[in-house]
1. Testing ASN60 on (1) in contact (Cβ under 8 Å) with a residue 40 or more places away in the chain; (2) within 24 Å of LYS134 (Cα to Cα); (3) out of contact with any Pro (no Cβ under 7 Å at 6 or more places or on another chain), one condition comes back false. Which one is that?
2. I'd like the full set of residues that are in contact with a Lys or Arg (Cβ under 7 Å, 6 or more places away or on another chain) and acidic (Asp, Glu), limited to segment 120-156.
3. Taking THR201 and the conditions (1) β-branched (Val, Ile, Thr); (2) at pLDDT below 95; (3) more than 22 Å from THR172 (Cα to Cα); (4) not in a loop (DSSP other than H, G, I, E, B), which numbered condition does it fall short on, given that it satisfies the others?
4. When you check ILE116 against the structure, is it in the same structural domain as ILE80 (by TED's automatic domain parsing), touching a Pro at 6+ places or on another chain (Cβ under 9 Å) and touching a residue at least 60 places away in the same chain (Cβ under 8 Å), yes or no?
5. Residues of segment 231-249 being in contact with a strand residue (DSSP E or B) (Cβ under 6 Å, 6 or more places away or on another chain) and within 23 Å of ILE40 (Cβ to Cβ), which ones?
6. Can you find even one residue in segment 165-172 that is exposed (fewer than 15 other Cβ atoms within 10 Å of the Cβ) and either over 28 Å from GLU24 (Cα atoms) or of a type in the set (Val, Ile, Thr) (or both)?
7. Among (1) within 19 Å of ILE67 (Cβ to Cβ); (2) assigned by TED's automatic domain parsing to the domain that holds GLY39, which single condition is LYS259 missing?
8. Pull up segment 163-185, narrow it to residues that are touching a strand residue (DSSP E or B) at 6+ places or on another chain (Cβ under 9 Å) and assigned to a helix (DSSP H, G or I), then point me to the one that is nearest to LYS112 (Cα to Cα).
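The values are calculated or read from the model by the stated rules, or taken from the named source; none is laboratory data. Just so it is clear, the structure is predicted and the values come from calculations on it, not from any experiment. Positions of Cβ are generated from backbone atoms using ideal geometry, with glycine treated the same way; all protein chains shown enter the neighbour counts.
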Amino acid sequence: MKQKKQIIIFTDLDGSLLDKDTFEFDEIEDYFRELISKGIKIIPNSSKTEAELLDFNEQNNLDLSFITENGSSIHGLNKIHQNLPDKIIISRTKDEIQNIYESNISLDFKNKITHILELEIEVQQKILGLPLDKIKPAIKRKHSIPIKFNGTKIEKNEFAKILKNSGLTIQTGGRIMNVCDDVDKSRAMSKVLQLIRKELTDEIITIGVGDNENDIEMIKQTDYPCLVKNENFDSSLINIDNLIKSDEPSPKGWSDVIKTALQKI
């Protein structure tokens, strides 16, 4: 008997599925829901918080499993199979990360950093580009510290090196950077697949969709890596042999790469 295939799409949200300015995906919503109706599993793998992902599900009448804060925690795998857990915490807490940061980062570097969580809500809104009602869930971080780095590229690389030596990472997204535990989207995705493969006998086929630096390792580890056009990210630097790239930005670029990947499957 031929083995049944289970397609799983791991996708970034902002700038990949969602429009980078409006944070909507109305243009491709029918196609998105059609994929779900066909049994394809879509798992957002985002720098967004648990509160934001719960809000995303509620606002769009969805019930998706998801990965938050650049691989810090995994939620709702029991929706895929009843034997799987509802929540897996991979990262240390934000307070623990903050303590490590304070102990290892010099005053010189600290003076080059703007802490998003310490700003007035109007300034947070300007930096994050979110509607006012979306700010509170966006800053409800349990495992990461959102920052803007105001130094040079060389200084940023040195800052990242110090963090790495301290057991932390810096994850660069579209608008901000996040100081995180030693986690990333790729490792969280691998954990999800490891658990799913224990419960499902189907052949698992993965599609990964992203648009930015913090998505590259994730999409690289999937069977069909996809990159949505992002004018602020130089995709020529990405060396992935079978990379599927869109000519359009999100959300249309998302549907374009998914259609190409599914044709290949």
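1. Of everything listed in (1) in contact (Cβ under 8 Å) with a residue 40 or more places away in the chain; (2) within 24 Å of LYS134 (Cα to Cα); (3) out of contact with any Pro (no Cβ under 7 Å at 6 or more places or on another chain), ASN60 misses just condition (1).
2. Hit for segment 120-156 is GLU155, nothing else.
3. Result: THR201 fails condition (4) only.
4. Values: in the same structural domain as ILE80 (by TED's automatic domain parsing): no; touching a Pro at 6+ places or on another chain (Cβ under 9 Å): yes; touching a residue at least 60 places away in the same chain (Cβ under 8 Å): yes.
Here the answer is no, as ILE116 does not meet what is asked.
5. Taking segment 231-249 as the starting set, the residues that turn out to be in contact with a strand residue (DSSP E or B) (Cβ under 6 Å, 6 or more places away or on another chain) are 235, 240, 243-245.
Once the filter is applied, which keeps residues that are in contact with a strand residue (DSSP E or B) (Cβ under 6 Å, 6 or more places away or on another chain) and within 23 Å of ILE40 (Cβ to Cβ), segment 231-249 yields ILE240, LEU243, ILE244, LYS245.
6. Of all residues in segment 165-172, those exposed (fewer than 15 other Cβ atoms within 10 Å of the Cβ) come to 165, 167.
From what is left, the residues that are either over 28 Å from GLU24 (Cα atoms) or of a type in the set (Val, Ile, Thr) (or both) are 165, 167.
Yes, segment 165-172 has at least one match.
7. (1)
8. We begin by selecting, within segment 163-185, every residue touching a strand residue (DSSP E or B) at 6+ places or on another chain (Cβ under 9 Å); these are 163-164, 167-185.
Filter again for assigned to a helix (DSSP H, G or I), leaving 163-164, 185.
Values: LEU163: 15, LYS164: 18, LYS185: 26 Å.
Top of the filtered list is LEU163.
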